[in-house]
Amino acid sequence: MNSRDSEHMIAELREKEGYETTDDFKQADLILINTCSVRERPVHKLFSELGGFNKHKKPSAKIGVCGCTASHLGEEIIKKAPYVNFVLGARNVSKITEVLHKNKAVEIDINYDESEFAFKDFRTSAYKGFINISIGCDKACTFCIVPKTRGDEISIPDSLIINEAKRIVATGAKEIFLLGQNVNNYGRRFSSNDHKKVNFSELLRRLSKIEKLERIRFTSPHPFHMDDEFIEEFASNPKICKSMHMPLQSGSTKVLKDMKRGYTKEWFLNRVAKLRSMCPEATISTDIIVGFPGESDEDFAETIDVLNQVKFEQVFSFKYSPRPETEAEHFTNVVDGEVASDRLSFLQSLNNEIIDEKNATLLGNTYRIYFEVLHSDGHAAGRSDNNILVKVKGSEELLGQMKNVKITTIGRTILTGEIVA
Ligand code: SF4
């Protein structure tokens with residue numbers, strides 16, 4: 001979502017202020033740092049990065065701090081780094097050309113509604129386009145700062161989303177990537193009452209009617225909202241890519257309750273079973289937090305049990321770190337740091353074993369790969385419909401093409417193959 005917010009800001013600045021992007025910040029007239037605050041480390045990094053930019057930038061260059069850390073630290077950023085010219089929260093992206101001309105502006109209103117703002121077009125990829133379908137989040141997961149930085153959830157009207165998708169396809173891109181904190185809660189609330197009848201499954205159906213659009217991806221769906229209609233649409237609609245992100249967070253129902261995730265271990269496994277029975281080719285990725293306050297050895301064993309049962313194709317795993325303005329920040333039953341680190345490395349080694357075992361079975365298979373990136377070693381890389389990352393020997397002429405590729409060499413994060421007819 002931050003990447004898309006950056007694209008939105010660049011688009012506004014290009015259209016309304018004549019800016020162009022540069023790879024060399026020493027040449028820049030404006031330096032924007034778009035920040036994340038989901039974990040602690042990027043927040044610490046912000047101030048050291050800011051110092052470096054300030055030291056080496058052109059004397060006249062302005063610096064703006066944007067995104068979730070801007071939302072939650074607000075004026076404090078300017079107090080700590082007085083050379084910062086403005087602070088722009090994650091929910092205020094559309095005001096970028098306003099704050100640019102105000103001295104020390106701090107725009108961080110998390111109730112600001114820009115769900116119908118007509119952003120200009122700018123895309124970093126010629127082959128796929130990210131589209132925000134909602135802003136904010138209505139959940140209250142006890143570990144998460146996002147509702148405090150991005151505000152309540154508001155869906156973007158389907159007509160705007162469909163028009164955006166058509167514009168992307170008209171440029172030659174074959175894939176769209178829908179973004180939202182809880183995409184499958186789409187349609188719960190709009191700015192105006194005219195839009196109420198469209199839920200996420202219906203939005204997918206409407207989008208898939210766009211001619212020449214070949215692939216639809218989305219992230220993140222919430223396990224709580226994975227109803228049968230959604231899974232059936234996912235499985236039966238040929239334009240929907242068969243890879244699902246299912247953020248588990250913990251396999252222990254007790255910990256899930258403390259996290260206020262709204263589902264149990266059994267519900268999660270039930271949804272995986274439904275998905276696998278309706279769509280056996282689907283790959284599943286997940287997010288896991290280890291060492292959440294109160295997580296016992298038995299709770300952690302439940303997470304490992306889910307890992308062993310589901311055998312996810314990709315796991316993003318993190319050690320819990322308390323975030324400001326969250327409920328869990330005040331939980332006192334903290335897990336010892338070393339215990340949490342041990343659990344994390346156990347989980348990650350187990351996951352590596354699972355992935356190696358699964359990848360070994362892919363040797364000799366053929367996938368339809370959509371090439372999007374060039375590697376410096378003379379390879380072009382892309383993904384299969386079910387999100388398997390594959391590279392082949394090749395250059396620019398492959399980019400934007402879909403080709404059948406037979407897997408010849410197995411790796412942990414990327415497979416190698418050769419193009420077949
Ligand atoms: S669903 Fe939970 S984890 Fe996801 S953004 Fe909302 S509060 Fe955060």
Within the chain, what is the longest stretch that has no GluC sites (Glu not before Pro) placed in a DSSP loop and near at most 10 other beta-carbon atoms within 10 Å?
212-421
Calculate the tail of P(r) for the chain: the fraction of all Cα-Cα distances greater than 40 Å, expressed in %.
19
Looking at this model, which pairs from K16/K80; K57/K391; K197/K257; K212/K242; K239/K274; K45/K257 are more than 27 angstrom apart at the alpha-carbon?
K16/K80; K57/K391; K197/K257; K45/K257
Please state, to two decimals, what the Cα-based radius of gyration of the range 151-226 comes to when divided by 2.2 N^0.38 Å (N = residues).
1.09
Sum of -39500 (n - 2.57) over DSSP H runs of 4+, divided by residues of the chain (222 nm, nearest 500)
-10500 deg cm²/dmol
Determine how large the accessible area of R150 is when every protein chain is in place; take a 1.4 Å probe and give Å² rounded to the nearest 10.
20
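Of all accessible surface on the chain at a 1.4 Å probe, what whole percent is carbon and sulfur? Could the numbers behind the result be given before it?
On the way: 9480 of 19110 Å².
Reported share for carbon and sulfur atoms: 50 percent.
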What is the calculated FRET efficiency for K16 to T124, with r their C-beta to C-beta distance and R₀ = 22 Å, to the nearest 0.05?
0.70
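Pull up the DSSP beta bridges for the range 250-385 and report the antiparallel fraction as a percent, rounded to 5. Before the final figure, lay out the partial values.
Working: 5 of 11 bridges.
Antiparallel bridges make up about 45 percent of those DSSP assigns within the range 250-385.
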PRE reach from R368 (point 7 Å along Cα→Cβ): which of the range 388-421 fall under 16 Å by backbone N?
388, 400-406, 420-421
Once you put a point 7 Å from the Cα of R205 and another 7 Å from the Cα of K58, both along the Cβ direction, what distance in nm separates them?
5.3
Accessible area per residue, 1.4 Å probe, Å², for the range 44-139: what's the number?
44
Net charge over other residues, Cβ less than 10 angstrom from the Cβ of N111 (K, R count +1; D, E count -1):
-2
Any cysteines in the chain with zero other Cys Cβ atoms under 4.7 Å from their Cβ? List them, or say none.
C36, C66, C68, C137, C241, C279
Might you report the magnitude of the Cβ-based charge dipole of the chain about its Cα centre, with Lys and Arg at +1 and Asp and Glu at -1, to the nearest 20 debye?
840
Magnitude of the charge dipole, the range 282-421, Cβ model with Lys/Arg +1 and Asp/Glu -1, debye to 20:
1020
If each part is reduced to its alpha-carbon centroid, the range 144-176 and the range 347-366 end up apart, in Å, by 33
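What is the projected area of the convex hull of the Cα atoms of the range 290-421, averaged over all directions, in nm²? Mind dumping the intermediate values first?
Working: hull surface 42.5 nm².
Its Cα hull, projected and averaged over all orientations, spans 10.6 nm².
The values are calculated or read from the model by the stated rules, or taken from the named source; none is laboratory data. Values in this document were obtained by computation on a predicted structure and should not be read as measured data. Counting neighbours? That spans all protein chains shown, and the Cβs are built from the backbone with ideal geometry, glycine included. Note: accessible area is taken over every heavy atom of the protein model, side chains too, but ligands, DNA and RNA are not part of it. Shrake-Rupley method; radii C 1.70, N 1.55, O 1.52, S 1.80 Å.
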